[in-house]
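Peer 1: Here it is, the structure, as structure tokens.
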Amino acid sequence: MKNDEFRKHAHELVDWMADYMEHVESYAVKPTTKPREIIHQLPGHPPATGEPFAAIFEDFRETIVPGMTHWQNPSFFAYFPANTSGPSILAEMLTATLGAQCMSWATSPAATELEERVMEWLGEMIGLPAGFTGVIQDTASTATLCSILTAREAKSDYAINSRGFSTDRRFTVYCSSEAHSSVEKAVKIAGIGKDQLRKIPVDTAYAMIPEALEEAIGADIAAGCTPLCVVAAIGTTGSTAIDPLRAIGAICRKHGVWLHVDAAFAGTALVLPEFRWMIEGMEAVDTFVFNPHKWMFTNFDCSAYFVKDRGALIRTFEILPEYLKTSEGERVNNYRDWGIQLGRRFRALKLWFVIRSFGVAGIQQKVRCHIELAQGLAGKIRAAGDFELLAPVPLNTICFRYRPRRIANEDELNRLNAELMERLNKTGKIFLTHTKLNGRFALRFVGAQTNVEERHVQEAWEMIQRTART
Ligand SMILES: Cc1ncc(COP(=O)(O)O)c(C=O)c1O
């Protein structure tokens, strides 16, 4: 593609992008696409010769877009969001244009130093105590894996990195029964074994019970195991339950256990001082992750990982082949040694654009607004005689179900609510997902899409009631 063609098409695409953002509400949030419907429209073999850009772009519009779920539609209330914003998208365009590989300071000095500074800003914005150093990872899953690997190495005096699991020491890892599946995946990948993962029971608010944790650690010590790491959740995926960090931290300190905090979604709420109670007890925490790519208006992927002992992190991952040796030494960060992958995208740029464009007050205002909108809806659900909340609503995730007086049987209620969700999502006007809490099917409403407003929430609530009652 010649540069004048690039310029022309780039303008066309930016026009399409701006139109898309303006009219995203008119797209069905969830497509009605059937399995394999898209692949049948795609040629089975690659084109032997290059095609005109106009044809490619047309196929994007006609084949791909109709088969997409529109995560940026403000009536997207499913999962946790993957928010974007204008400044973040613009930064991604620049990142793609620079095409820089940011594995070390020498390969992209400005990207490295911007990442260092932006992570300091982010730590300050969410009220992390002094002593944490940040690095951007692709996802919270990767950050949790990094944490467990670092714990494994720190606890084994870096022997497993060198010799593998040569001793018969059995490590154990702990999380609540509501923790994200990425913990189990990390335990498997780290060679600890999922049978060595203890899922600690939760209380009525779906938060980890510290006494049960202490008991499990005691039992493992008595059985000759070595308790390695606890993963506490600040905002579980199911219902954003908040594990009691101070009590968990005290247990970890007492037994010399590493403590990782997974705040993938809810971490963004820490920009609001009134939510800092969620991280009371951070002194005992070793590592902490949250995802600006979920609720902080920053395009996927961008996961903020903070560590107390950066030396331990680097010692776990560092490898220095001859071709990567440079002369800057300790004065600079080489982020290739701060995680799993060697090659790294320039992800700090979009975070920098977002924080500067919104300002801290702008981010706080949006996050506060999201929480207020959801709290308002939770109040309406609570007040409706035939609906009920199935979990506390500390932030903006609401777990609820339709419960007409005539039905008392739990299986029937589960069926009814699964059907209700299906019928709602089929309209394409809203998109909700579900979880199971204590065996009960709960519809999950997450009010966190960048541009969600009162009217979207109100329309959703009216549609939910209407659909449920007819
Ligand atoms: C609590 C929690 N932890 C971890 C994850 C995984 O996040 P990622 O997709 O960034 O790996 C999620 C995803 O929703 C989550 O809710």
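The values are calculated or read from the model by the stated rules, or taken from the named source; none is laboratory data. Computed from a prediction, not measured in an experiment: that's the story for all the values here. FYI the Cβ positions are ideal-geometry reconstructions off the backbone, even for glycines, and counts take in every protein chain you see. Areas reflect the complete protein model, heavy atoms only, side chains present, ligands, DNA and RNA absent. Shrake-Rupley method; radii C 1.70, N 1.55, O 1.52, S 1.80 Å.
Peer 1: Could you tell me which residue of region 318-350 is farthest from Gln137 (Cα to Cα), considering only residues that are among the aliphatic types (A, V, I, L, M) and surrounded by 12 or more Cβ atoms within 10 Å (Cβ to Cβ)?
Peer 2: Leu324
Peer 1: Another question, then. Mind listing whichever residues of region 114-155 are in contact (Cβ under 8 Å) with a residue 40 or more places away in the chain, open to solvent by 30 Å² or more (accessible area, probe 1.4 Å) and under 15 Å from Asp309 (Cβ atoms)?
Peer 2: Across region 114-155, the qualifying residues are Pro129, Gly131, Phe132, Thr133, Ala154, Lys155.
Peer 1: Let me ask something else about it. With the checklist (1) of a type in the set (D, E, K, R); (2) touching a residue at least 12 places away in the same chain (Cβ under 8 Å); (3) open to solvent by 20 Å² or more (accessible area, probe 1.4 Å) in hand, flag the one item Asp262 doesn't pass.
Peer 2: (3)
Peer 1: Would you point out the residue of region 435-450, among those that are farther than 17 Å from Leu395 by Cα and not aliphatic (A, V, I, L, M), that is surrounded by the most Cβ atoms within 10 Å (Cβ to Cβ)?
Peer 2: Only one residue fits best here, namely Phe441.
Peer 1: While we're here: Looking only at region 254-267, decide whether some residue is within 16 Å of the ligand (Cβ to nearest atom), closer than 27 Å to Arg444 by Cα, of a type in the set (Phe, Trp, Tyr) and part of a helix (DSSP H, G or I).
Peer 2: For region 254-267, residues within 16 Å of the ligand (Cβ to nearest atom), closer than 27 Å to Arg444 by Cα, of a type in the set (Phe, Trp, Tyr) and part of a helix (DSSP H, G or I): absent.
Peer 1: Which count do you get for residues in region 381-415 that are of a type in the set (A, V, I, L, M, F, W, C), open to solvent by less than 40 Å² (accessible area, probe 1.4 Å) and over 15 Å from Thr240 (Cβ atoms)? So that I can check it myself, show each step before the final result.
Peer 2: Pass one, region 381-415, residues of a type in the set (A, V, I, L, M, F, W, C): 381, 383-384, 387, 389-391, 393, 395, 398-400, 407-408, 413.
Pick out the ones that are also open to solvent by less than 40 Å² (accessible area, probe 1.4 Å) and you get 381, 384, 387, 390-391, 393, 395, 398-400, 407, 413.
From what is left, the residues that are over 15 Å from Thr240 (Cβ atoms) are 381, 384, 387, 407, 413.
Adding up the residues that qualify gives 5.
Peer 1: Among the residues of region 288-327, which ones are within 16 Å of the ligand (Cβ to nearest atom) and either modelled with pLDDT under 95 or assigned to a loop (DSSP other than H, G, I, E, B) (or both)?
Peer 2: Those that are within 16 Å of the ligand (Cβ to nearest atom) and either modelled with pLDDT under 95 or assigned to a loop (DSSP other than H, G, I, E, B) (or both): Asn291, Met296, Phe297, Thr298, Asn299, Phe300, Asp301, Cys302.
Peer 1: Next question. Please enumerate the residues belonging to region 350-372 that are of a type in the set (D, E, K, R) and either in contact with a Cys (Cβ under 9 Å, 6 or more places away or on another chain) or not in a helix (DSSP H, G or I) (or both).
Peer 2: The one that is of a type in the set (D, E, K, R) and either in contact with a Cys (Cβ under 9 Å, 6 or more places away or on another chain) or not in a helix (DSSP H, G or I) (or both): Lys350.
Peer 1: Look through Ala247, Ala222, Ala212, Ala269 and report the one residue that is modelled with pLDDT of 95 or more and within 30 Å of Phe358 (Cβ to Cβ).
Peer 2: Ala269
Peer 1: Of all residues in region 167-215, count the ones that are under 22 Å from Ser239 (Cβ atoms), within 16 Å of the ligand (Cβ to nearest atom) and of a type outside the set (A, V, I, L, M, F, W, C).
Peer 2: Result for region 167-215: 11.
Peer 1: While we're on this one: Considering only residues that are buried (at least 23 other Cβ atoms within 10 Å of the Cβ) and under 14 Å from Trp277 (Cα atoms), look in region 236-250 and name the one that is farthest from the ligand (Cβ to nearest atom).
Peer 2: Here the answer is Leu245.
Peer 1: Identify, please: which residue in region 265-282 is aromatic (Phe, Trp, Tyr) and open to solvent by 10 Å² or more (accessible area, probe 1.4 Å) and is, among those, farthest from the chain's Cα centre (by Cα)?
Peer 2: So, considering only residues that are aromatic (Phe, Trp, Tyr) and open to solvent by 10 Å² or more (accessible area, probe 1.4 Å), the one farthest from the chain's Cα centre (by Cα) is Trp277.
Peer 1: Can I ask one more? Can you report the number of residues in region 85-112 which are free of Cβ contacts under 8 Å to residues at least 60 places away in the same chain and either of a type outside the set (A, V, I, L, M) or open to solvent by less than 10 Å² (accessible area, probe 1.4 Å) (or both)?
Peer 2: Residues in region 85-112 being free of Cβ contacts under 8 Å to residues at least 60 places away in the same chain and either of a type outside the set (A, V, I, L, M) or open to solvent by less than 10 Å² (accessible area, probe 1.4 Å) (or both): 3 in total.
Peer 1: Taking Val285, is it over 18 Å from the mean Cα position of the chain (by Cα), more than 22 Å from Ser108 (Cβ to Cβ), touching a residue at least 12 places away in the same chain (Cβ under 8 Å) and within 16 Å of the ligand (Cβ to nearest atom)?
Peer 2: The answer is yes for Val285.
Peer 1: Quick check on this structure: which one of Ala418, Ala378 is under 22 Å from Val29 (Cβ atoms) and either modelled with pLDDT under 95 or buried (at least 19 other Cβ atoms within 10 Å of the Cβ) (or both)? Write out each step before concluding.
Peer 2: Working: Ala418 fails: either modelled with pLDDT under 95 or buried (at least 19 other Cβ atoms within 10 Å of the Cβ) (or both).
From the options Ala418, Ala378, the qualifying one is Ala378.
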